[in-house]
Structures are given as C-alpha cells and as structure tokens.
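The values are calculated or read from the model by the stated rules, or taken from the named source; none is laboratory data. Since the model is a prediction, treat every value here as computed from it, not as a measurement. Here the Cβ positions follow ideal geometry from the backbone for every residue, glycine too, while neighbour counts run over all protein chains shown.
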Amino acid sequence: MQLSKLENGVYGELRKNKMVLFKARDLCALLKIDKVKAYNIIKALKNKGVIIKIGGSYFAFKDANEFSIASGIHWPSYISFWSALNYYGLSDQMPKEIFLATAKYTKNMGKFKYITLSKKRFFGYAQIGDIVIADKEKAVIDSLLLPKYAGGIREIIKSINSGFNELNIKKLSDYAVKIESKAVLRRLGFILEEINYKEKELKKLGKNIGKGYELLDPNLPKKNNLNNKWLLDINI
C-alpha cells in the first residue's frame, strides 16, 4: 500500500534518525506532535506493513535486523548464548528465540528472552555496528554456565569443536575463572580435555573446582557416570 505524504515524511524522518526501535512518545519528541497524532500515524504505518509491533509499546521497521532490535529494547543487555554461537558460526542451529544476557531483570518480550546475570558476570561483550553482543569466548562461557539457553551441552561441545581454531583458549579459561562458577570450570576443563587439548590452561581450570559432583548437563537426568578428575557426572 502506498504511503500518504505525511506517512512518507514520518517514515523518512525515522529512517534518517536511525530509529530502528521506537515508541509513540519518540514520534512526539521527534516531530513535535501530540500523542493522538503519533498513535494515528503509527497505526497507519503498521496497517500498511512498513513497521511492526515488537511488544509492549515498541515498534520497529519491518525490515530491521532482529539483533539490532534486541539490542535496543533493554539496556544493559547483550546477545549471547545460542544466538551468539550461531552469529559467529560456531553453531549451525538457528534458535527460534533470541537470547540476551542482562544485568537487570526484565520481562521477556516476544521472541526476545532475557537471562539475568549478576553484575560480576556481566562482561565480555562489545558493540558491532548497531548490535551489542558477547565476544566468542564469553558466548561459550555464558552457555556453559546455563546450557539450557544454548541447546544443551552436546550443542555447546559441537560449537567448541567447530570453532576451536577461532577461539582464544587462554581468554576462554580466563573468563571461566572470572565468572566464578565451579560448574563452568569443570565443564570447560572436561570438554577441552575430551578434544585432546593438553596445554597449561587445563591446570588453571582444575585448581578451584571444589568438591562433590555436578552434572555435565544440568538439564538431563543423572547417569552416575562419574569423571573423578573433573568431578562431573557425564550424563549425555
């Protein structure tokens, strides 16, 4: 459907100001119009298929990159877990949802799923263009911390295997220590050893794994298939 002169002007202003994600109040501020007029314009643009409703009171261009939308909905947050593994080509599986880490609880919105991390675990991300995303190594570490948001341990192992030559193993092990999770240290150490990595980083990972056993994949039942070195039940 063809846009009216007014609608086309508004659409052009939104594009010019790179407002990938916006609310009615943003139109009010940008165009100096009242809320009623802003809502009428948004309704018209939506009905003509050039913008879509994201959730809550957010709207976006129909052709906008979903990662760009995800990065703009809630701050602070960054794309991670399975979504980041796929973005970097470490996983060939495209999850239906977009997973983001956040330092402050927020409700999920549509396909955007927010996973709250403590502030000390909220690191290892950067802005690439108009998206905010974990670096490769932090995407792996976040996934090892909470495997259910990355397709499970089997998918994470596949990702580490496929991207092994692209991953900085020292950085990976430094992140594993920094995140302060014995489960992450154990899972990473076990996986690296399984793929025959024998460098000094394994010793660093093995220093603070504590006592008792944990599940390699916390979302699968116990098998009592115990690995005594990494104190894991290899339940996959």
Which of (1) under 23 Å from Lys158 (Cα atoms); (2) surrounded by fewer than 20 Cβ atoms within 10 Å (Cβ to Cβ) does Tyr78 not meet, given it meets every other one?
(2)
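Going through Ala64, Ala134 one at a time, which residue ends up being small (Gly, Ala, Ser) and under 21 Å from Ile52 (Cβ atoms)? Write out each step before concluding.
On the way: Ala134 fails: under 21 Å from Ile52 (Cβ atoms).
Answer to the check: Ala64.
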Search result, residues across the range 136-146 that are in contact (Cβ under 8 Å) with a residue 60 or more places away in the chain and under 16 Å from Leu192 (Cβ atoms)
Ser143
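Go over the candidates Ala134, Ala183 one by one and state the one that is among the small types (Gly, Ala, Ser), closer than 28 Å to Tyr78 by Cα and out of contact with any Gly (no Cβ under 7 Å at 6 or more places or on another chain). Give the steps one after another, and end with the answer.
Working: Ala134 fails: out of contact with any Gly (no Cβ under 7 Å at 6 or more places or on another chain).
Of the residues listed, the single one that is among the small types (Gly, Ala, Ser), closer than 28 Å to Tyr78 by Cα and out of contact with any Gly (no Cβ under 7 Å at 6 or more places or on another chain) is Ala183.
Within the range 5-80, considering only helices (runs of 4 or more DSSP H) that don't extend past its boundaries, which have at least 2 residues that are modelled with pLDDT under 90?
Values: elements: 5-16, 24-31, 35-47, 66-73.
By residue number, 66-73.
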